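In what follows, a structure is listed as structure tokens, so that the remarks can point back to it.
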Number of protein chains: 4
Amino acid sequence: MSESNSNMQTVNVAVIGASGYTGLELIRFLLIHPKYRIVALTADSHAGKKIGDVFQHLNSYNLPSLIKVEDVDFSKIDAVFCCVPNGTSQNIISNIPDNIKVCDLSADFRFDDIKLYEKTYNQKHLAHNLQEKSVYGLTEINRDKIKKTRLVACPGCYPTSALLPLLPLIKKDIIKIENIIIDSKSGISGAGRTQRDSLLFTEVSDGFSAYGLINHRHRPEIESQLKKYSNNDVLISFTPHLLPIKRGILSTIYINTDEKHDITDIKDCLKESYEEEIFVSIKKDNLIPSTHDVRGSNFCHIGIFHDDRSKQIIIISVLDNLVKGASGQAIQNMNVMLGIDEKEGLTQGVIFP
Amino acid sequence: MSESNSNMQTVNVAVIGASGYTGLELIRFLLIHPKYRIVALTADSHAGKKIGDVFQHLNSYNLPSLIKVEDVDFSKIDAVFCCVPNGTSQNIISNIPDNIKVCDLSADFRFDDIKLYEKTYNQKHLAHNLQEKSVYGLTEINRDKIKKTRLVACPGCYPTSALLPLLPLIKKDIIKIENIIIDSKSGISGAGRTQRDSLLFTEVSDGFSAYGLINHRHRPEIESQLKKYSNNDVLISFTPHLLPIKRGILSTIYINTDEKHDITDIKDCLKESYEEEIFVSIKKDNLIPSTHDVRGSNFCHIGIFHDDRSKQIIIISVLDNLVKGASGQAIQNMNVMLGIDEKEGLTQGVIFP
Amino acid sequence: MSESNSNMQTVNVAVIGASGYTGLELIRFLLIHPKYRIVALTADSHAGKKIGDVFQHLNSYNLPSLIKVEDVDFSKIDAVFCCVPNGTSQNIISNIPDNIKVCDLSADFRFDDIKLYEKTYNQKHLAHNLQEKSVYGLTEINRDKIKKTRLVACPGCYPTSALLPLLPLIKKDIIKIENIIIDSKSGISGAGRTQRDSLLFTEVSDGFSAYGLINHRHRPEIESQLKKYSNNDVLISFTPHLLPIKRGILSTIYINTDEKHDITDIKDCLKESYEEEIFVSIKKDNLIPSTHDVRGSNFCHIGIFHDDRSKQIIIISVLDNLVKGASGQAIQNMNVMLGIDEKEGLTQGVIFP
Amino acid sequence: MSESNSNMQTVNVAVIGASGYTGLELIRFLLIHPKYRIVALTADSHAGKKIGDVFQHLNSYNLPSLIKVEDVDFSKIDAVFCCVPNGTSQNIISNIPDNIKVCDLSADFRFDDIKLYEKTYNQKHLAHNLQEKSVYGLTEINRDKIKKTRLVACPGCYPTSALLPLLPLIKKDIIKIENIIIDSKSGISGAGRTQRDSLLFTEVSDGFSAYGLINHRHRPEIESQLKKYSNNDVLISFTPHLLPIKRGILSTIYINTDEKHDITDIKDCLKESYEEEIFVSIKKDNLIPSTHDVRGSNFCHIGIFHDDRSKQIIIISVLDNLVKGASGQAIQNMNVMLGIDEKEGLTQGVIFP
């Protein structure tokens, strides 16, 4: 971590929407980040309470009390993580002074195409000018742009798991863009802290199902990013499933090469793309990624397999939906925006077992 | 259940290999079957013990003590369920008198092509003549043949989940046989009662991974059945994954229609194929199958979905790997072989929650 | 099952409150009960829908549609299971014609002492006359009274697990009534189908905690039953905990004998009390009960242990909270009320694994 | 962390027995410890392999390859964590040079009374002289002694959860030493990385049972520590149970005060004992500890409850069995032995959800 600027002053951070899973996960990482100090935490429904009283796992820490978002004094803040729902996020960020770096974990600034956003999320977009300045925060892909922006739209969890393996291949134009199938499985925390029968322990545990077939909101997000680097529209088939686990996404991705390329090209392309990366690793041949291997960490593991007979190529990527799929990547992006060593504060190890 | 022959004498049943999960599951169903009586249970490693002492959930039942397979007196037995490992099964069944109906739950008699069996399971097949007489026990597909045979090879759990939706479509020749992708997820009981680090609770729970990519043994089983009804070889892509649940398989199957057929043909074909069936049901439009809905039962639920844009068709099938995927289907087959009402003894409801 | 009256006509049954876990569990058992036919199912919030559309695990059965409780035509009904919340239950049962047998699964009729009920449940009791006629439905203890009543109050799940081992000992006056400690652990389904953060999969799985310390509502229920058979008030210490499992209660009960009795007396007393019982079994020495051994079934297993040094006696009881702790015992009671063989319809086996 | 000696040289650490759960957990914490460097990892069965190949969650770290214990070059090592089985540990530690600080996670040096060790663990103790010099590593209790020793015996997981609340009360002599009941529930990782049917996911999940009643090995360990601070022998009743969770211990402890003291004295005593401690916290009145609140961390939370009627006092303590119950406490002890800030390297937050 010697690369970072150790003379740098402490960064004062606000977490907007601290009582959801991504807000809580940000706090876990920020608490041990040597450069950041949490100075404001908002949660409208719990305003006035100590966060350690609402979430007892935080009761040993000296943290600011929960307040309403309108009570945040932004004059004392250097960086904001915004963890509120889609739609709400735009409104809040529109009111944050320009000098403050913002990392938004909602979908509000993930779409260059505002109409596609509005159709996908079924609501108006009211901050077009902010959208134009925002950068899609897939750190490994957009690092240079992230360095120069003040607003990062942190990618969705499924899109992160799909785009990290697919984008380098699409960029290099070595796979067919037809028949890309993404069969994804996510832990329940991906559904957020929502009270629904279908998320109760009694109805989740010891079972498994698909959901949101054909039209899950993350499909247009994935397609619009793939399209950026392809000459054509890329239509994927995306099927999410709900795993009876707390954390973790595994995406099994089925692709075909074009006639001029083969499995070796695929492997070489991904290995080259990520050989310098600390958080993304391409597994050795025949090693199969598991969500167990990345649980609680900012790592993404990618395995590449090939069926000699059917010529099918199968890529499996795993990550922790709350870390590389949300709060970890958010900190990684903020580190980049602020010129801090990218891995600072993200060194907490994988929780195994 | 009025259809069955109520004057029929009680069928004396032996379960060979009673201490594995499929053996135990057979006992659960046989105990309430009005026509069957368990007269012999074998488990070499526990021979001499009461089964209720080894498995305390059975301690309230009056069951025969566990014996070695060589100590079974077949002269008193009408029907045998064989739940021993692949390879062992052939030897045992070769020594069972011809007049006894046998349902084998191993892979030993699932392959018409003996060479393919030997390659897949990496061992010799020593009972060719039995293989020729055996019927592949996908009850809904092969009911007429099962009625006339004395040896049924019960299908594998994954193959059952894949073939029930695929075979009618292949038979009717309305889907492309290229690019069939079967992304399957199975509960851990599918791995059997095996002592391995990777099956320990501590290493399974709260995580998810694929395994056996490209060359899982159930792939040739699925392909050889599909080939029977197609004019060509059918090469599938089959990726199994391990779910942190006890029971349940969900297969997400990606197929394409040929130019002359569309989603309506797919739906009509499957609805017609199974409209008279009690254990297989095609879900109404937009209802998504869940393993929760079949847990502990002999049901298989199938949902059919269609992506207008990419033309991809997605079929999801769910079943309980220990019931319709093993012991339940075994009883269903034995009922058919013996002329008993097919659903007799299989009426235990879904365990929800 | 030969003991039951096979000439008996089918009993027409209504389940009031069919969309909760106990209602659904009743349906699971009633569906295979040879004497009962479900003719009415109520669920106010889903009135008008098919139950198989709301709960897809029931979609293969021919069941009446869900209706409002006020739309039940009681003239066609012989027996009612009432699965609505405490307080609501009294109102509904007050309006059920006298000739109908009723088994209530709420707490409304569990207390002889109306004041204690009102204090414990913090609401008025408005059906004193019904209370006087009701019998506390611990079948093995009150069988003779149950035969003669038309209203059974089905015991709570924790009380069933505590009273089955304790009542015979208290009756026989061979244990001290001081320092009885009941440390209970229950699966989450015991909390009902309730939308609360604390019942979400993400917040339940991979963790464990106590709840409702000191003043859980089941403590007065247990104490009032113990008091009936003792010469003195019995003050217990009762600590419930929430297990990350769907079903199952395990109660670890710490008691002391008086000077004149020892562990042998305890064992003899319980063995004699239950030797004729099919659903309650005292385990052999040194065998430790597990919820796994009773899952999905109406069994209660009891183990008795003794610490030579400290003289402490430890009794462990296990049952499935939704079966022997609720719906199974309800059917057992109804069978007794109607003169049907007590175990009829309750023969579905333990789900293992 | 500013209190620690920042001029201190890096401490070279060996982990003996790196392939078990406590060894792996040590690595997780050591990897982010600013003062320690892992220079040797042993695992006889995997000697010669990279640890990242055996445990893929470690494949992004630069760690020494696994070697046999006899191949460790102790001349380059400052501190050893020993995570091998009871009995083996004594042999290994006997051969470690005297100048090296050792923290042993086995039971080998936990008993002052060698005979009690030999009886409890059913094997000879062959390192009496080392035993005499060892300190029982309950850091908060024995900190001063730990500072001066070179060999710490890290307490068992259950004993840590029981002794942290009980020892201050026993020391101060304000509770009765009769009828102390410790009803403990532990996650499965406590059983170690052992291949047994009873630890398979399929047989653990969705169930619960007690085990090791009356004579669990941790009972004598707890009693011998309590005895040290009491004037009399203390006979406890200790009942461990196995939770279907990966990590976490919750102990529900039932005690009685003597006539001269009451609940206030209990609370005051524990609050005073731990008010300066960072890792042990006494919860506010009525807040109930949960294993969720300490998962993955070195915290121990203690709640105190009182039943006005029965005068029973109930103390609930929770910790993560792999952290405060093993590897975290080991590092805490090593920090103390080496004069490093006690909390250094232990600041990784609670994993919630």
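The values are calculated or read from the model by the stated rules, or taken from the named source; none is laboratory data. Given the structure is predicted, the values throughout are model-derived calculations rather than measurements. For accessibility, only protein heavy atoms count, side chains too; no ligands or nucleic acids. Shrake-Rupley method; radii C 1.70, N 1.55, O 1.52, S 1.80 Å.
What are the semi-axes of the equivalent ellipsoid for region C:164-213, taken as the square roots of 5 times the Cα gyration tensor eigenvalues, largest first, in whole Å? Present the calculation step by step, with values, prior to reporting the outcome.
On the way: eigenvalues 227, 28, 14 Å².
Semi-axes, largest first: 34, 12, 8 Å.
Could you look at region D:229-353 and say what percent of its accessible area is carbon and sulfur, using a 1.4 Å probe and all protein chains? Intermediate values should be presented prior to the final figure.
Working: 1500 of 3380 Å².
Result for region D:229-353: 44 percent of the exposed heavy-atom area is carbon or sulfur.
Express the carbon and sulfur contribution to the solvent-accessible surface of region B:113-162 as a percent, rounded to the nearest whole number, probe 1.4 angstrom. Don't jump to the answer; show the numbers that get you there.
Numbers: 1150 of 2280 Å².
So the carbon and sulfur contribution to the accessible surface is 51 percent.
Tell me, rounded to the nearest percent, the portion of alpha carbon pairs in region B:130-175 spaced more than 12 Å apart.
Numbers: 649 of 1035 pairs.
Of all Cα-Cα pairs in region B:130-175, 63 percent lie more than 12 Å apart.
In square angstrom, rounded to the nearest 10, how much accessible surface does C:Ser237 have for a 1.4 Å probe?
0
Heavy atoms of the protein only, probe of 1.4 Å, neighbouring chains included. What is the accessible area of B:Asp197 in Å², nearest 10?
The value for B:Asp197 is about 40 Å².
Got a sec to turn the phi values of region D:186-201 into Karplus ³J(HN,Hα) couplings, 6.51 cos²θ - 1.76 cosθ + 1.60 with θ = phi - 60°, whole Hz, x for Gly and Pro?
These are the phi-based 3J(HN,Hα) values: 10, x, 5, 4, x, 7, x, 8, 10, 8, 9, 3, 5, 10, 5, 3 Hz.
Which whole-number value in Å² is the accessible area per residue of the protein assembly as shown, probe 1.4 Å?
Numbers: 49100 Å² over 1412 residues.
For the protein assembly as shown, the per-residue accessible area is 35 Å².
Suppose we keep just the DSSP beta bridges with both residues in the protein assembly as shown; what percent of those would be antiparallel, to 5? Write out the running numbers ahead of the final one.
Values: 98 of 226 bridges.
Roughly 45 percent of the DSSP beta bridges within the protein assembly as shown come out antiparallel.
Which positions within region A:237-253 get 10 Å² or more of their accessible surface covered by the other protein chains, compared to the chain by itself, with a 1.4 angstrom probe?
Flagged in region A:237-253: A:Ser237, A:Thr239, A:His241, A:Leu243, A:Pro244, A:Ile245, A:Lys246, A:Arg247, A:Leu250, A:Thr252.
Write down the Å³ per residue value for the convex hull defined by the alpha carbon atoms of region B:285-325.
On the way: hull volume 2.4 nm³, N = 41.
In region B:285-325, the Cα convex hull volume per residue is 59 Å³.
Dividing the alpha-carbon Rg of the protein assembly as shown by 2.2 N^0.38 Å yields what?
Cα Rg divided by the expected 2.2 N^0.38 Å: 0.92.
Where does each of B:Lys115, A:Lys267 land when they are ordered by accessible area, with a 1.4 Å probe and the largest first?
Values: B:Lys115 160, A:Lys267 40 Å².
Sorted by accessible area, descending: B:Lys115, A:Lys267.
Using the Kirkwood radius built from alpha carbon pairs, what does the Stokes-Einstein equation give as D for region B:37-110 at 4 °C and 1.567 mPa s, in µm² per second?
Values: Rh = 13.2 Å.
Reported coefficient: 98 µm²/s.
How fast does region A:176-300 diffuse by Stokes-Einstein, in µm²/s, taking the Kirkwood radius from C-alpha pairs at 4 °C and 1.567 mPa s?
Estimated via Stokes-Einstein, D reaches 77 µm²/s.
Binning at 5 angstrom from zero up to the longest distance, how are the C-alpha pair distances of region D:103-167 distributed in percent?
4, 18, 27, 26, 17, 7, 1
Considering protein heavy atoms only and a 1.4 Å probe radius, which residues within region B:285-302 exhibit an accessible-area decrease of no less than 40 Å² in the full assembly relative to the chain by itself?
At a threshold of 40 Å² (probe 1.4 Å), the residues of region B:285-302 that become less exposed are B:Ile288, B:His292, B:Asp293, B:Arg295, B:Phe299.
Per residue of region B:215-229, in order, report the coupling 6.51 cos²θ - 1.76 cosθ + 1.60 (Karplus, θ = phi - 60°) as ³J(HN,Hα) in whole Hz, putting x for Gly and Pro.
10, 4, 4, 7, 5, x, 5, 5, 4, 5, 6, 4, 4, 3, 10
What is the P(r) of region A:1-160, as percent of Cα-Cα pairs per 10 Å bin from 0?
10, 38, 36, 15, 1
Would you work out the relative contact order for region A:212-317, in percent, from Cα pairs under 8 angstrom that are 6 or more residues apart? Write down the numbers at each step before the final one.
On the way: 121 pairs, mean separation 27.8, N = 106.
RCO, region A:212-317: 26 percent.
Read phi for every residue in region A:151-164 and hand back ³J(HN,Hα) as whole Hz from Karplus 6.51 cos²θ - 1.76 cosθ + 1.60, θ = phi - 60°, with x for Gly and Pro.
Listing the rounded values in order: 10, 10, 9, 6, x, x, 5, 4, x, 4, 5, 8, 6, 4 Hz.
Would you jot down the residues in region D:55-71 that end up with at least 20 Å² less accessible area in the complete protein assembly than in the chain alone, with a 1.4 Å probe?
SASA drop of 20 Å² or more in region D:55-71: D:Gln56, D:His57, D:Asn59, D:Ser60, D:Tyr61.
Using Cα springs under 10 Å in a Gaussian network model of chain C, which residue among C:Lys324, C:Lys311, C:Lys227 shows the largest mean-square fluctuation?
Judging by the Gaussian network model, the answer is C:Lys311.
Considering only protein heavy atoms, what is the solvent-accessible area of D:Glu132 at a probe of 1.4 Å, reported in Å² to the nearest 10?
150
In square angstrom and rounded to 100, what buried accessible area do you get between chains D and C, total over both, with the probe at 1.4 Å? Please report the intermediate quantities before stating the final value.
On the way: alone 16570 and 16570 Å², together 29140 Å².
Roughly 4000 Å² of accessible surface disappears when D and C pair.
Take every Cα pair under 8 Å in region C:1-94 that's 6+ residues apart, average their separations, divide by the length, and report that relative contact order as a whole percent.
Numbers: 144 pairs, mean separation 30.6, N = 94.
Rounded, it is 33 percent for region C:1-94.
What percentages make up the Cα-Cα pair-distance distribution of region D:69-218 when the bins are 10 Å wide from 0?
Result returned by the calculation: 9, 33, 34, 19, 5, 0.
Quick one: check the C-alpha center-to-center distance for region A:312-333 versus region A:10-67, whole angstrom.
Each part's Cα centre sits 23 Å from the other's.
More than 15 Å apart: what percent of Cα pairs in region C:247-333 qualify? All intermediate terms of the calculation are to be shown ahead of the outcome.
On the way: 2218 of 3741 pairs.
Here the long-distance tail beyond 15 Å is 59 percent of all Cα pairs in region C:247-333.
Take the alpha carbon atoms of region B:256-273, find their center, do the same for region A:251-288, and report the distance between the two centers in whole angstrom.
36
Given an 8 Å cut-off on Cα distances and at least 6 residues of separation, report the relative contact order of chain C as a percent.
Details: 754 pairs, mean separation 63.6, N = 353.
This gives 18 percent for chain C.
Over all directions, average the projected area of the Cα convex hull of chain B and note it in nm².
Details: hull surface 72.5 nm².
Average of the hull's projected areas for chain B equals 18.1 nm².
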